[in-house]
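Written below as structure tokens is the structure these notes are about.
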Amino acid sequence: MQITVCDHPLIKTKLTHLRNEKTGTTNFRRIINEIGALMTYEVLKDLPVRSVKVRTPLEECEGFEEDKTVVVVPILRAGLGFMEGVLMVVPQAHVGHIGMSRNEETLQPEEYYYKMPKDKDAYYVITDPMLATGGSAVAAIDNLKKRGITNIRFMCLVAVPEGIEVVNKAHPDVKLYTCAIDRCLNDKGYILPGLGDAGDRIFGTV
């Protein structure tokens, strides 16, 4: 499996709070943003920078600034839970959106909304808390690539081997990042042990 597990102790403890069924909406929303901020350091560790000159109170020295634009792309709606965390670390990042819903006849995800910045050379970070079957992730990546975007990463809270395999097979060039690889999917497509429906818990629609 081609995936990076972000297992920093602070991420592990925060993820435990998210798994807890007693964690309410307010804390769930806050913690997922905190994890998003922590994960961003790993997801963007290869972000190119260029040298610049900066003057300190004492003298001029060499500094650095980002050499690529970062675009965070939440998959609506649950992916919005990560967005503020990424923006806390990269406040100058741009934001694109992908909306997808499941076709009840084909059971496949279909795009109903798409809006991206014009910079196709930027670092695109797709966010979605759960990598379950992999269908939505593959569809989102497909939709970016068919519009000429190729520098893509996918960031989630928890994943399962089934979903990882699907994305790896469809898009072996896309780097995946998660906080944990869980056991499996149940017969309804929920991740076990998981943390329930992330969108419902973020937005209080349980």
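Every number in this text was worked out from the coordinates using simple rules, so none of it is lab data. Keep in mind that this is a model prediction, so the values were computed, not measured. Backbone-built Cβ (ideal geometry, glycine too); neighbour counts: all protein chains shown.
Quick look at the values:
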item	result
For region 69-100 versus region 132-202, the gap between their alpha-carbon centres in whole angstrom	16 Å
Residues Tyr113, Tyr123 arranged by fewest to most Cβ contacts within 10 Å	Tyr113, Tyr123
Whole-Hz ³J(HN,Hα) from phi, Karplus 6.51 cos²θ - 1.76 cosθ + 1.60, for region 190-206, glycine and proline x	8, 6, 10, x, x, 8, x, 7, 4, x, 4, 6, 6, 9, x, 10, 5
Farthest toward positive dipole pole in the chain [+1 Lys/Arg, -1 Asp/Glu at C-beta], among Pro109, Gln92, Gly204	Gly204
Lys45 paired with Lys115, simple spin-label distance in nm, labels 7 Å along Cα-to-beta-carbon	3.5 nm
Three semi-axes of the equivalent ellipsoid, region 4-203, Cα gyration tensor, whole Å, largest first	30, 21, 15
Whole-Hz couplings from phi, Karplus 6.51/-1.76/1.60, listed for region 166-173; x for Gly and Pro	4, 5, 4, 5, 6, 9, x, 8
13 Å beta-carbon shell around Pro117, net charge (K/R +1, D/E -1)	+3
Surrounding net charge for Tyr177, when Lys and Arg each add one and Asp and Glu each subtract one, Cβ distance under 10 Å	+1
Length released on extending from Glu165 to Asp200, taking residue separation times 0.36 nm less the Cα-Cα span	10.0 nm
Point-charge dipole on Cβ atoms (K/R +1, D/E -1) for region 99-206, about Cα centre, debye to 20	400 debye
Charge-dipole axis of the chain as Lys and Arg at +1 and Asp and Glu at -1 on Cβ define it, positive-most pick from Ser51, Thr26, Ile11	Thr26
Within the chain, helix-based [θ] at 222 nm, where runs of 4 or more DSSP H residues each add -39,500 (n - 2.57), nearest 500	-10000 deg cm²/dmol
Cα centre as origin, Lys/Arg/Asp/Glu Cβ charges: the chain dipole, Debye	200 debye
Computed lengthening from Leu10 to Thr25, 0.36 nm per intervening residue step minus Cα-Cα distance	3.4 nm
Sorted by Cβ density within 10 Å, fewest first, the residues Ser51, Ser101	Ser51, Ser101
Per-residue ³J(HN,Hα) for region 20-27, Karplus 6.51 cos²θ - 1.76 cosθ + 1.60, θ = phi - 60°, Hz, x for Gly and Pro	5, 5, 7, 6, x, 4, 4, 6
